[in-house]
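Report on one structure; see the data block that follows.
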Amino acid sequence: MVYQGEHLFIGQFGHFSVLLSFVASLVATFAYFKATQTTVPEEHNRWKKLARITFIIETLAVIAIFVCLYSIIYNHYFEYEYAHQHSKRSLPTKYLLSCLWEGQEGSFMLWIFWHCILGLGIMLQGKKWEAPVMTTISLMQIFLTSFIIGLYFFDLKIGSSPFVLMRDEFPNAPVFQDPLYLQKYLRDGNGLNVLLQNYWMVIHPPILFLGFASAVVPFAFAFAGLWKKDYTGWIKAALPWTLLSAAALGIGIMLGAAWAYESLTFGGYWAWDPVENASLVPWLLMVAGLHTMLINKSTGYSSRSSYWFLFLAFLLLIYSTFLTRTGVLGDTSVHSFTGEGNSLFWHLIIVMSTFAGIFLFTYFKNRKQIPVIHREEDISSREFWMFVGALVLLISAAYISFFTSLPVINDIFGTNKAIGEDPEYVYNRVMVLIAIVLGLLTAITQYLKYKKTPRSFWIKKILAPTIIALIISVLISVFGNIHYNKYGIGYLGAIHLAIFACTYAVVANTVYIWTGAKGKLSLAGGSVAHLGFGIMLVGILISSSKKEVISINRTGIMIPGLKDPKGRDDSGLENVTLIMGVPTPMGNYMATYVGDSSHPADEKMYFKVNYERKDEATGKVLENFTLYPNAFLMKADAEGRTSLSANPDSRHYWHKDVFTFITSMPDPESIKDTANFVSYPVQTGDTVFYSNGYITVDQIIEANKGTNKDLPLVDSAWLAEVTVHGNNGMTYKAQPALFSKANAPIAKRDTVMAQSLVLEVNKENNAISLGIKESNAVMKYITLKAFQFPLINILWLGILLMSAGFFISMWHRFKKSN
């Protein structure tokens with residue numbers, strides 16, 4: 001059968017590029033291995049030349065893969081399953097890049113691409129370490145490329161190709177028996193997940209996967225040190241790459257937090273979701289390894305721990321991929337991958353086992369040759385407390401890993417352990433103590449000298465920052481209105497202690513930049529990173545402990561069945577229902593649902609919500625802004641139930657954010673108006689009752705063309721001015737009218753949405769009557785939840801400074817190595 005309209009060449013070329021990349025990575029790995037093993041310079045150079053050529057070919061092939069897949073998505077070639085699953089014609093161009101990495105295959109491609117870029121960097125900077133380091137990187141590249149190769153080895157499927165055709169994936173589907181299936185049945189795709197239609201998702205995945213890809217580089221240097229028996233010489237060469245990895249992974253995680261803050265509805269930037277945790281743990285271990293490497297470079301201590309931290313960081317990064325992509329997390333994560341199931345499960349097990357086996361064998365084979373200083377570090381030395389900090393990071397990583405891995409533990413041991421109904425508290429009760437210790441260590445350690453510090457010297461240096469930090473933190477605690485008592489007085493006390501510790505870190509590192517580093521930022525990368533870390537922790541503590549729900553329900557309108565993002569009941573007092581056009585008190589604001597809009601090319605409904613705050617004494621408007629949260633109802637499940645997917649909107653100030661998202665909206669397709677009008681003869685001054693109140697007729701006005709020249713378009717008019725009195729004490733004005741032209745009646749109905757009323761004027765036998773219809777289909781409403789985040793910008797400022805500190809240090813280390 002000859003299918004019409006298919007574009008086969010681009011897919012065939014893309015698949016060829018995948019195979020070429022895979023073969024090139026095999027050759028590069030073998031060539032770099034031979035170059036590392038040989039002791040003959042001519043052989044070494046010959047093998048290294050071959051390895052470089054094949055790695056460059058691999059890089060070009062990977063770029064070709066990207067170009068082919070993006071062309072398929074951009075041109076809407078829906079004969080390819082990947083384009084059909086992840087894009088659609090109406091999707092804005094700016095989100096087409098997000099389609100590339102929404103699926104498993106695309107995100108692995110991003111990982112592979114960054115490996116190629118980093119490998120080229122190693123070629124330029126690696127010098128004597130190039131061959132052994134690139135052997136490990138190329139080996140990882142073999143595994144990564146196998147994830148997208150999409151070949152069958154007998155009945156075993158190896159990887160999943162992004163270039164598979166829909167008709168090959170579903171050969172028995174009836175639509176593919178028609179040669180015109182593209183024109184008839186596959187004219188559009190499923191589209192990008194609405195939660196990913198956000199500019200952060202164009203930026204966040206590339207940076208995060210740069211962090212993922214870069215984690216192999218420090219590990220590769222450590223393994224190369226074991227392999228070449230240069231047990232400490234590798235550290236100087238690896239330091240800038242470790243800084244790059246820590247910076248990229250940290251920025252990627254925080255960009256994900258920014259996306260969650262702007263796109264998800266749990267009311268914050270971090271929810272201890274398993275996917276978030278899985279990426280955080282390798283970063284913690286990478287930072288711990290960075291500090292032990294600095295210790296070893298300056299004193300010779302912590303040589304073995306540096307190997308272990310970098311190995312664990314890399315291994316747990318692969319483990320995080322295992323958790324998020326194999327479906328083992330089940331429903332415990334709101335944004336984990338699923339789909340490849342069993343094949344990807346064993347694929348990743350093999351990857352972890354391979355690298356763990358190679359490292360452990362090589363490490364224990366060479367363990368006794370790794371130089372170790374048996375003399376204990378002096379308690380007044382910088383390296384002692386830096387190592388304590390690394391251990392604290394290890395403890396926090398272990399704690400997070402244990403609770404994140406509960407689904408895996410349950411599967412292995414047949415248990416049914418759960419983290420509980422309040423996972424945030426399970427993590428925060430320990431992490432607040434970790435923050436206290438890290439804050440104090442970040443403040444005091446840089447004022448210590450390596451090996452030993454005289455007490456008088458240290459006290460003289462640290463005294464002023466200590467007093468300043470104590471004063472500032474006391475002012476924050478006393479006048480900052482931090483009264484977070486949800487978990488009792490002990491937890492609140494820990495928060496205030498953490499505020500002091502983190503303020504201490506900020507003040508001490510600020511002072512150190514100008515005293516210890518003499519204001520030279522190029523030499524103060526570590527202090528800048530520590531300063532940013534302290535500011536970030538202060539921002540987290542204040543914004544989280546002072547986060548205020550302002551959508552307290554005082555209307556009495558309750559929407560049953562509301563759930564929060566964790567699936568817990570959320571239909572209580574923290575959701576306000578706004579009826580269109582009716583101002584409703586919300587905290588210090590008066591919120592009004594003004595209207596909504598949509599576009600045929602966009603499945604989301606955009607809601608216009610106005611916030612106004614007035615001075616209670618003068619009535620002067622102090623604040624007025626409009627937010628546009630959006631939402632859409634996802635397709636009904638097998639039981640006919642629809643679910644809501646919402647994107648929040650925020651008003652940003654320098655000192656706070658007002659955060660709003662939709663929690664309920666009526667389904668337009670389920671609303672049917674079956675009510676009828678009931679007519680009541682009325683005159684001016686009459687009262688008519690309805691089920692939720694009564695209506696007074698203020699005035700009835702009659703006019704005709706002969707007596708009123710203001711009626712140029714109609715012959716006669718009857719207008720009723722009425723006041724609707726609800727049982728809730730609210731009153732509403734309405735003006736239904738009836739017009740007549742050429743003896744044909746024209747009704748102008750008026751709607752009081754807050755009372756679900758439609759009013760009309762009728763004229764029968766020269767008498768005026770008021771028609772009243774009560775219908776739930778009349779009322780337009782939304783239910784929303786709103787938070788106020790004080791001083792959240794402190795958090796974002798801290799992240800920027802911490803990232804800047806990493807890059808300053810990285811640049812300084814690269815310059816020194818050159």
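The values are calculated or read from the model by the stated rules, or taken from the named source; none is laboratory data. These figures come from a predicted structure and were not determined experimentally. Glycine also receives a Cβ, built like all others from the backbone with ideal geometry; neighbour counts cover every protein chain displayed. Accessible surface areas use protein heavy atoms only, side chains included; no ligands, DNA or RNA. Shrake-Rupley method; radii C 1.70, N 1.55, O 1.52, S 1.80 Å.
Would you mind working out the accessible area per residue for the range 247-419, using a 1.4 Å probe, and quoting it in Å²?
The answer is 39 Å² per residue.
How big is the gap, in Å, between the Cα center of the range 430-478 and the Cα center of the range 488-542?
Each part's Cα centre sits 9 Å from the other's.
Quick one: what are the phi-derived ³J(HN,Hα) couplings along the range 681-688, Karplus 6.51/-1.76/1.60 with θ = phi - 60°, whole Hz, x for glycine and proline?
Calculated HN-Hα couplings, in order: x, 9, 9, 4, x, 6, 10, 10 Hz.
TYR690's amide H: which non-local residues (gap 5+, or another chain) put their own amide H closer than 5 Å, with H modeled 1.01 Å from N in plane and none for Pro or chain starts?
Amide H neighbours of TYR690, under 5 Å, 5+ apart: ILE695.
Give a residue-ordered list of calculated ³J(HN,Hα) values for the range 772-777 (Karplus: 6.51 cos²θ - 1.76 cosθ + 1.60, θ = phi - 60°; whole Hz; x for Gly, Pro).
10, 10, 9, 8, 5, 6
Under a cut-off of 18 Å between alpha-carbon atoms, report the lysines in cross-link reach of LYS451, not counting same-chain residues fewer than 8 places apart.
Output for LYS451: LYS297, LYS461.
Between beta-carbons, use under 11 Å as the cut-off and find the net charge around MET166, counting Lys and Arg +1, Asp and Glu -1. Working shown, then result.
On the way: positive: ARG167; negative: GLU6, GLU79, GLU81, ASP168, GLU169.
Here the count lands on -4.
Could you check the simple spin-label distance between ASN172 and LYS184, using points 7 Å along Cα→Cβ, in nm with one decimal?
Using points 7 Å along Cα→Cβ, the separation is 2.1 nm.
Compute the distance from the alpha-carbon center of the range 1-50 to that of the range 138-212, in whole Å.
22 Å
Please work out which option in (1) 39.1, 128; (2) 28.5, 96; (3) 32.9, 115 gives Rg and Dmax of the Cα atoms in Å calculated from these coordinates, and answer with its label.
It is the value labelled (3).
Can you list residues whose amide H is under 5 Å from SER160's amide H, if they're 5+ apart or on another chain and H is modeled 1.01 Å from N?
HN-HN under 5 Å from SER160: ILE148, ILE149, GLY150.
With an 8 Å cut-off on Cα pairs and a minimum separation of 6 or more residues, tell me the relative contact order of the chain in percent.
10 percent
Applying 1/(1 + (r/R0)^6) with R0 = 35 Å to the Cβ-Cβ distance of ARG554 and LYS748, what FRET efficiency is obtained, to the nearest 0.05?
On the way: r = 35 Å, r/R0 = 0.99.
Calculated transfer efficiency: 0.50.
So, for the range 1-197, what is the accessible surface per residue at a probe of 1.4 Å, expressed in square angstrom?
Per residue, the range 1-197 has an accessible area of 45 Å².
Whose amide H sits under 5 Å from the amide H of LYS452, counting only residues 5 or more places off or on another chain, with H placed in the peptide plane?
Here the answer is ARG382, since their amide H atoms fall under 5 Å of that of LYS452.
Need the full-extension length gain, ASN410 to ASN676, defined as separation in residues times 0.36 nm minus the C-alpha distance. One decimal, nm. Write down the numbers at each step before the final one.
Numbers: separation 266, 0.36 × 266 = 95.76 nm, distance 5.83 nm.
Stretched fully, the ASN410-ASN676 segment lengthens by 89.9 nm.
Which residues does the label zone of GLN735 cover in the range 680-697, counting backbone N under 19 Å from a point 7 Å along Cα→Cβ?
Within reach of a label on GLN735: 684-685, 696-697.
Could you give the length gained on full extension between ARG375 and LYS614, defined as 0.36 nm per residue of separation minus the Cα-Cα distance, in nm?
Details: separation 239, 0.36 × 239 = 86.04 nm, distance 6.84 nm.
Here the answer is 79.2 nm.
Add -39500 (n - 2.57) for each DSSP H run of 4 or more in the chain, then divide by its residues: what number comes out at 222 nm, to the nearest 500 deg cm²/dmol?
That comes out to -17000 deg cm²/dmol.
So if R0 is 51 Å, what FRET efficiency would ILE149 and LYS368 give, r being the distance between their Cβ atoms, rounded to the nearest 0.05?
Numbers: r = 41 Å, r/R0 = 0.80.
Here the calculated transfer efficiency is 0.80.
With all protein chains present, calculate the accessible area of ILE459 using a 1.4 Å probe and round the result to the nearest 10 Å².
Answer for ILE459: close to 80 Å² accessible.
With label points built 7 Å along Cα→Cβ from the Cα atoms of ILE158 and SER71, find their separation and express it in nm.
2.7 nm
Anything in the chain that counts as a DSSP H helix reaching 27 Å or more along its axis (C-alpha) with Kyte-Doolittle mean of at least 1.6? List them, would you?
Numbers: long enough: 8-37 (44 Å, 1.21); 41-74 (49 Å, 0.69); 104-125 (32 Å, 1.05); 234-263 (42 Å, 1.08); 274-299 (38 Å, 0.71); 303-325 (34 Å, 1.01); 342-366 (36 Å, 1.08); 382-404 (33 Å, 1.50); 423-444 (32 Å, 1.55); 455-479 (34 Å, 1.70); 489-515 (38 Å, 1.41); 525-545 (30 Å, 1.50); 793-817 (36 Å, 0.75).
Flagged H segments are 455-479.
For the chain, which whole percent of the accessible surface, found with a 1.4 angstrom probe, sits on carbon and sulfur atoms?
Details: 22990 of 37800 Å².
Carbon and sulfur atoms account for 61 percent of the accessible area of the chain.
So which aspartates and glutamates can LYS705 reach, going by Cα to Cα under 14 Å and dropping same-chain residues fewer than 8 places off?
Qualifying aspartates and glutamates at Cα under 14 Å: ASP715.
Within 14 Å, Cβ to Cβ, of LYS614, how many net charges do the neighbouring residues add up to if Lys/Arg are +1 and Asp/Glu are -1?
Residues close to LYS614 contribute a combined charge of -2.
Any lysines with Cα under 19 Å of the LYS184 Cα? List them, leaving off those in the same chain fewer than 8 positions away.
Candidates past the 8-residue exclusion: LYS88.
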